[in-house]
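The values are calculated or read from the model by the stated rules, or taken from the named source; none is laboratory data. What you see is a predicted model; the values in this text were computed from it and never measured. Note: ideal-geometry Cβ built from the backbone for every residue, glycine included; neighbour counts use all protein chains shown. To get the accessible areas, we keep the full protein, side chains included, count just its heavy atoms, and leave off ligands, DNA and RNA. Shrake-Rupley method; radii C 1.70, N 1.55, O 1.52, S 1.80 Å.
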Protein chains: 2
Amino acid sequence: MGVTKRADAQRNIAAILAAATECLSRNPAASTSEIAKEAGVGRVTLYGHFPSRAELVDAVFVHAIEVGEQSLSQVGLTGDPREALARLVESSWHLVDRYAALLVAALDTLPPGRVRELHADPMARVEKLLERGRSEGVFRSDLPVSWLVSVMHNVMHGAAGEIQAGRLSSGEAAGYITATLLAAFTPPGERVT
Amino acid sequence: MGVTKRADAQRNIAAILAAATECLSRNPAASTSEIAKEAGVGRVTLYGHFPSRAELVDAVFVHAIEVGEQSLSQVGLTGDPREALARLVESSWHLVDRYAALLVAALDTLPPGRVRELHADPMARVEKLLERGRSEGVFRSDLPVSWLVSVMHNVMHGAAGEIQAGRLSSGEAAGYITATLLAAFTPPGERVT
DNA sequence: CTCTTGTCGAACACCACTGTTCGAGTTACG
DNA sequence: CGTAACTCGAACAGTGGTGTTCGACAAGAG
């Protein structure tokens, strides 16, 4: 069939995707030359497979989300919502830590809203858990769920920033984040665990 | 004396500073042409007063910090640490809301560490209040102060992002932020106010 | 083995920006 | 009023990226 790519082309596409993930994770502003070099491929070849830098970034980001979803979908969300949240944060944190710079690249390359659009699934997971925790009275209901989600994102990305600046170690981060969020989500009048 | 600038030069410098604040607050990547035009001044004149775009950004940022300090220094920090924090957040939030984009400009223009360096005073104020709250047992002591400060910053800047994205109104923000931070800073075992 | 598909490097056009230079004109200041 | 300080537009050089074109060449598919 005419649609199938040749074997070496497929290999190169994979190599470019991997190299782009690597480069953009180090430097969100990495150029196509850098990425092509890292992939062991000519710049022309790169443009042969991805029409523009933006579309490459998009592809890389989509792939990262898929990998993340695979990991996140294995986290059990039943039982005590607080413990479930701790598990979810633990898993999410590893992804944020790994892909923080990639997110920056996507944020200032892709059209506005695109990043959020691709985050729909992971966000829905968090929202659902928060909703359940609220109905069981262990998470606060005096603030919108969307705000709580935003707080979670910002605390995690803030932690990634602290690590990059060398003011926090990867090991400590997860504990700090969960402790902070569990307290932040506690309903007024209740005791912080 | 030879050091004094001519009157029109001083006016232009002020106009450039104001225009830069305005432009960079709208678009962190604003060019020198844009800024000069907004100031009603030729690009050459701009370079006559500021050796480079970076030094202009630095000057604008320094000025913004000074203005902020003036406002922050009037916040009373005595009494119940929780109420003091609420007051401090209220004031800080107005500044963050106004200068969020400017911070981005500074962050990716100025040398690493410069922004933090200029934030030394406002940060010291927050740290001092947090320390006092800890010693009085109303803020948690199981996490480093530096982490708590980072959480405060990230929650506020996250709120600014939500506003820019149109998912949050300026009016609601301050309340959400204080409610979130007061809970997050509550010591484990204590009740959230 | 043949032919299509893909690859490569070098060169090119293009763009938007920074920072500089020039010379002529204008404005404050003493 | 005279001079030094300042301003202006236009034009220039330099930089660092994106995306394209070319022609020679290699490699996989049938």
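Numbers below:
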| quantity | calculated |
| --- | --- |
| Failed item in (1) more than 15 Å from DNA strand C (Cβ to nearest atom); (2) under 23 Å from A:Pro122 (Cβ atoms), with A:Leu17 passing the rest | (1) |
| First in the stretch A:43-60 and within 18 Å of A:Tyr99 (Cβ to Cβ), second anywhere and within 15 Å of DNA strand C (Cβ to nearest atom) and outside any helix (DSSP H, G or I), Cβ under 6 Å, 6 or more apart | A:Leu56/A:Phe50 |
| Residue in the stretch A:132-140 that is within 30 Å of B:Ala105 (Cβ to Cβ) and away from chain B (no Cβ under 13 Å) present | no |
| Qualifying position, being among the small types (Gly, Ala, Ser) and at the interface with another protein chain (Cβ under 8 Å from one of its Cβ atoms), among A:Ala100, A:Ala179, A:Ala106, A:Ala124 | A:Ala179 |
| Failed item, numbered, when B:Gly79 is tested on (1) loosely packed, with under 15 Cβ neighbours inside 10 Å; (2) more than 28 Å from B:Gly161 (Cα to Cα); (3) within 16 Å of DNA strand D (Cβ to nearest atom) | (3) |
| Filtered residue count, the stretch A:109-131, keeping only those that are open to solvent by less than 70 Å² (accessible area, probe 1.4 Å) and either outside the structural domain of A:Arg87 (by TED's automatic domain parsing) or not in a loop (DSSP other than H, G, I, E, B) (or both) | 12 |
| Single unsatisfied condition, B:Ala54 versus (1) of a type in the set (A, V, I, L, M, F, W, C); (2) near DNA strand C (Cβ under 9 Å from one of its atoms); (3) more than 28 Å from B:Gln164 (Cβ to Cβ) | (3) |
| Qualifying residue in the stretch A:94-108 (condition: assigned by TED's automatic domain parsing to the domain that holds A:Pro122, open to solvent by less than 50 Å² (accessible area, probe 1.4 Å), away from DNA strand C (no atom under 16 Å from the Cβ) and not in a helix (DSSP H, G or I)) | no |
| Output for the stretch A:91-135, where each listed residue is under 12 Å from the mean Cα position of the chain (by Cα) and of a type in the set (Ser, Thr, Tyr) | A:Ser91, A:Ser92, A:Tyr99 |
| Count - residues of the stretch B:102-144 that are free of Cβ contacts under 8 Å to residues at least 24 places away in the same chain and hydroxyl-bearing (Ser, Thr, Tyr) | 1 |
| Cross-chain or 6+ apart pairs with Cβ under 7 Å, the stretch A:4-31 first and closer than 27 Å to A:Leu107 by Cα and touching a residue at least 12 places away in the same chain (Cβ under 8 Å), then open to solvent by less than 30 Å² (accessible area, probe 1.4 Å) and assigned to a loop (DSSP other than H, G, I, E, B) | A:Asn12/A:Val41; A:Ala15/A:Val41; A:Ile16/A:Val41; A:Cys23/A:Ala30; A:Leu24/A:Ala30 |
| Qualifying residue in the stretch B:166-175 (condition: surrounded by 15 or more Cβ atoms within 10 Å (Cβ to Cβ), closer than 25 Å to B:Thr21 by Cβ, free of Cβ contacts under 8 Å to residues at least 60 places away in the same chain and facing another protein chain (nearest Cβ under 9 Å)) | yes |
| Selection within the stretch A:156-178 - in a helix (DSSP H, G or I), over 18 Å from A:Glu83 (Cα atoms) and of a type in the set (A, V, I, L, M, F, W, C) | A:Ala159, A:Ala160, A:Ile163 |
| Long-range neighbours under 7 Å by Cβ, at least six apart or interchain, first residue in contact (Cβ under 8 Å) with a residue 60 or more places away in the chain within the stretch B:73-84, second open to solvent by less than 50 Å² (accessible area, probe 1.4 Å) | B:Arg82/B:Val138; B:Arg82/B:Leu182 |
| Residue in the stretch B:59-76 that is near DNA strand C (Cβ under 10 Å from one of its atoms) and of a type in the set (A, V, I, L, M) present | no |
